1. May I ask you to say which residue of 43, 84 is more than 18 Å from residue 221 (Cα to Cα) and of a type in the set (Asp, Glu)?
2. Does the stretch 66-96 hold any residues that are surrounded by fewer than 18 Cβ atoms within 10 Å (Cβ to Cβ), within 21 Å of the chain's Cα centre (by Cα) and not in a loop (DSSP other than H, G, I, E, B), and which are they?
3. In the list 101, 118, which residue meets the criterion of being in the same structural domain as residue 195 (by the TED database), polar (S, T, N, Q) and part of a loop (DSSP other than H, G, I, E, B)?
4. Within the stretch 234-275, which residues are among the charged types (D, E, K, R) and assigned to a helix (DSSP H, G or I)?
5. Considering the stretch 273-315 alone, what residues qualify as being in contact with a strand residue (DSSP E or B) (Cβ under 6 Å, 6 or more places away or on another chain) and of a type in the set (A, V, I, L, M, F, W, C)?
6. Among the listed residues 76, 57, 51, which satisfies the condition of being out of contact with any Leu (no Cβ under 9 Å at 6 or more places or on another chain), under 21 Å from residue 232 (Cα atoms), within 16 Å of the ligand (Cβ to nearest atom) and not hydroxyl-bearing (Ser, Thr, Tyr)?
7. Of all residues in the stretch 39-48 being away from the ligand (no atom under 16 Å from the Cβ) and surrounded by fewer than 23 Cβ atoms within 10 Å (Cβ to Cβ), which is farthest from residue 81 (Cα to Cα)?
Amino acid sequence: MATTTDYAVTDTNRASSAPAPIALNALSHNYGSRLALDHLTFDVRPAEIFGLLGPNGSGKTTLFRILSTLMVPTGGKAHIQGFDAAREPNKVRQQIGIVFQARSLDIKLTVAENLKHQGHLYGLTGAHLKRRISEVLARVGLLDRAKDSVETLSGGMQRRVELAKGLIHSPSVLLLDEPSTGLDPGARRDVWQYLRMLRDEEGVTVLVTTHLMEEAEHCDRLAILNEGKLVALGSPFDLKSEIGGDVVTFETASEADAEALAQKIANRFIISPAVLGTTVRLEREQGHRFVTDVVEAFPGIVEGVSVAKPSLEDVFIQRTGHRFWTESPEDTRERE
Ligand SMILES: Nc1ncnc2c1ncn2[C@@H]1O[C@H](COP(=O)(O)OP(=O)(O)OP(=O)(O)O)[C@@H](O)[C@H]1O
């Protein structure tokens, strides 16, 4: 079974000249005796959509708060466009736009009024601010709703106003915490379309935190976190390709059966399957052929089989030896 120590995850592509939009160097944070971030070192590249993917408690919010200058790390460094998030928070704040998960709009005010207040916080006034409000609203497709009060907008539109608010001072880096939470599939697609447009047309670097695999699939690159550690770094495609072959699972009736089957497979085929509860899981070229071999070799113990192309969850399992979610799928669905 793979463990985190089998993999040295580092960023080998550090830019040499211009500072990276976001650069972490041995960034650590502990709350008392609890280590929430453990020596994270990686760069986010210019104009990419970068995802921080991890299950509950993996440290996403802690990292988001450090990058947003709301919290000072207990160790290491986080730089944004070359500015130290802990020592130069005001310079960092000029560079970043932040979209929090919780709603930050005043729903009794109009869309334009919300943006005006935000602009004032960044020292924008007069004709320049008016122009910026029109530009960002056009960007998120809501120019015609400028005079409507926020409470009359759908949830997806309100999230787009949040985006416009984060963009009012023309930041080069946009930080979004769980951007799809509470949105229906159509509104989620809209948000991602606007993020891609920002990346492609304005060169904005976007960092999103997420616990949703399908959302992570939209990112150009990902950092996968587990218990504060970086366990994988790369594009979704590359990370899945590294697994090689198919992911094959065998369902058994009990954990004891799963252990027994894994042992038999290991002895017979000289591979090391993982045991996840009552499931035996392994990676194999020509997965469908292997299934037949196993079922014929050990009749009666296998209750179900699956052969699939690797997913990001498989990447997580391979790197950590356990599932992304440890609770029931019902809990997961509720969370989404
Ligand atoms: N204020 C705090 N005091 C003590 N421990 C904390 C505090 N905030 C977070 N932690 C702990 O730090 C670890 C990382 O938490 P964090 O909120 O950063 O994770 P997360 O990935 O954002 O989780 P979620 O997806 O549930 O929001 C967890 O073990 C958590 O219990």
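1. On the way: 43 fails: more than 18 Å from residue 221 (Cα to Cα).
The match here is 84.
2. Across the stretch 66-96, the qualifying residue is only 77.
3. Numbers: 118 fails: part of a loop (DSSP other than H, G, I, E, B).
One residue alone meets the criteria, 101.
4. In the first step, residues of the stretch 234-275 are kept if they are among the charged types (D, E, K, R); the result is 238, 240, 242, 246, 251, 255, 257, 259, 264, 268.
Hits for the stretch 234-275 are 238, 240, 255, 257, 259, 264, 268.
5. Across the stretch 273-315, the qualifying residues are 274, 280, 282, 290, 291, 302, 305, 307, 308, 315.
6. Working: 76 fails: out of contact with any Leu (no Cβ under 9 Å at 6 or more places or on another chain); 51 fails: out of contact with any Leu (no Cβ under 9 Å at 6 or more places or on another chain).
Step by step, each of 76, 57, 51 is checked, and only 57 is out of contact with any Leu (no Cβ under 9 Å at 6 or more places or on another chain), under 21 Å from residue 232 (Cα atoms), within 16 Å of the ligand (Cβ to nearest atom) and not hydroxyl-bearing (Ser, Thr, Tyr).
7. Restricting attention to the stretch 39-48, the residues satisfying the condition of being away from the ligand (no atom under 16 Å from the Cβ) are 41-48.
Restricting the remaining residues to those that are surrounded by fewer than 23 Cβ atoms within 10 Å (Cβ to Cβ) gives 41-43, 45-48.
On the way: 41: 16, 42: 14, 43: 11, 45: 10, 46: 10, 47: 12, 48: 14 Å.
The residue in question is 41.
The values are calculated or read from the model by the stated rules, or taken from the named source; none is laboratory data. Everything numeric here is computed off the predicted structure, so don't read it as measured data. Heads up, the Cβs are rebuilt from the backbone with ideal geometry, glycines too, and the neighbour counts pull from every protein chain shown.
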